[in-house]
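The structure appears right after this line, and notes come after that.
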């Protein structure tokens with residue numbers, strides 16, 4: 001017990017940093033590859049083919065999130081946080097050497113498979129080593145890994161591709177993943193698990209006979225829709241409807257990403273202070289519905305003086321549920337099921353986000369942004385009564 005206590009007090013923050021690093025490397029690999037589109041099209045590739053190629057890491061991620069969760073539940077976090085980034089390194093280095101586009105797509109898919117490993121494993125490390133009154137803060141910090149990874153990819157990949165070509169640019173996420181694998185090899189320690197009743201005893205399935213986890217998953221999928229709507233179309237709305245330049249719109253979108261990262265941390269601290277993940281989650285769902293409805297009205301009335309600050313507020317509000325739901329799933333599922341629970345959680349969210357671009361894009365074309373924002377508000381409102389009243 002002395003060793004456990006010492007690790008909890010002396011190393012939990014360093015392991016949080018390693019979890020953020022590993023998750024950020026996954027985000028660079030998955031969300032950074034679209035920044036290779038200019039380099040691919042300059043090679044003479046059609047935009048449709050290039051778009052399919054850069055989507056392969058996302059497809060690989062979605063296909064293997066639950067499988068990685070099962071592996072985490074069986075062998076622990078340490079091995080997974082080494083193996084997954086190592087797979088990203090191998091796939092990325094190999095992708096930099098091939099010229100055949102089919103082989104490139106396969107390797108990017110494998111890299112996405114490796115990237116899926118860090119989602120559940122890094123969350124499990126945090127839940128395992130941080131006490132409940134610090135867990136929300138820690139998970140909020142962990143949730144900043146995605147915007148951090150997107151930012152790193154946006155700053156580095158296009159610049160490297162322009163200066164040194166496609167093959168060198170794809171090494172950026174690969175080498176970052178390799179560094180994460182080495183760091184996790186020496187820095188991650190599996191958190192303790194309670195003793196089971198015996199070697200052959202099977203832990204109780206938290207999904208059986210209880211709808212709590214399923215309801216949290218459903219809420220997260222619904223709340224992803226207004227979030228993805230703003231992330232995907234805010235730049236276009238600011239440019240086309242409001243009349244801003246692309247440069248000015250890009251600056252505002254970047255600012256909202258930074259504020260959103262802060263919002264995730266704030267929501268985690270809030271949940272620690274009230275000793276609940278689900279009560280703040282319900283409040284966030286209500287706030288998201290109100291913010292999107294207000295944005296829809298302001299956009300319809302063309303009150304840009306109101307629509308811009310409302311859009312900023314909505315962009316922050318709609319991302320603050322991620323850490324709350326993620327932490328609740330890990331805590332409720334328990335140490336022997338949380339890997340799979342977090343895998344299911346992330347799979348549903350990624351599928352919802354993937355559906356927003358084509359679905360809501362068609363709606364914007366047919367009916368405009370105000371109607372689309374109003375529908376997103378309705379979706380958020382539907383999530384409110386689904387939030388469970390109390391965790392077990």
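Every read-out reported here was derived from the displayed coordinates using simple, explicitly stated rules and does not represent laboratory data. From a predicted model like this one, the values you see are computed outputs, not experimental measurements. Cβ placement follows ideal geometry from the backbone for every residue including glycine, while neighbour counts extend to all protein chains displayed.
Summary table below
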item	result
Residue among 224, 63, 184 with the largest mean-square fluctuation in a Gaussian network model of the chain, springs linking Cα atoms under 10 Å	63
FRET efficiency estimate (nearest 0.05) - Cβ-Cβ, residue 168 to residue 362, R0 41 angstrom	0.65
Choice from 180, 67, 355 with maximal GNM fluctuation in the chain (Cα, 10 Å cutoff)	355
Cβ-derived FRET efficiency at R0 51 Å, residue 159 paired with residue 301, nearest 0.05	0.80
Convex hull volume per residue for the range 242-287, taking Cα atoms only, in Å³	68
The range 140-253 - Debye-derived log10 I(q)/I(0), Cα point model, q = 0.19, 0.23 Å⁻¹	-1.17, -1.23
Rg/Rg_ref, the chain, where Rg_ref = 2.2 N^0.38 Å and atoms are Cα	0.98
Rg [Å, one decimal], Dmax [Å, integer] - the range 212-386, C-alpha atoms	16.1, 52
Span from the the range 98-118 Cα centroid across to the the range 16-84 one, whole angstrom	8
Equivalent-ellipsoid semi-axes of the range 20-68, from the Cα gyration tensor, Å, largest first	24, 13, 5
Structure-based [θ]222 nm, the chain - -39500 (n - 2.57) summed over DSSP H runs of at least 4, per residue, nearest 500	-27500 deg cm²/dmol
For the range 277-350 versus the range 228-270, the gap between their alpha-carbon centres in whole angstrom	14
Whole-Å semi-axes of the ellipsoid equivalent to the range 8-131 (Cα gyration tensor, √5λ, descending)	31, 14, 11
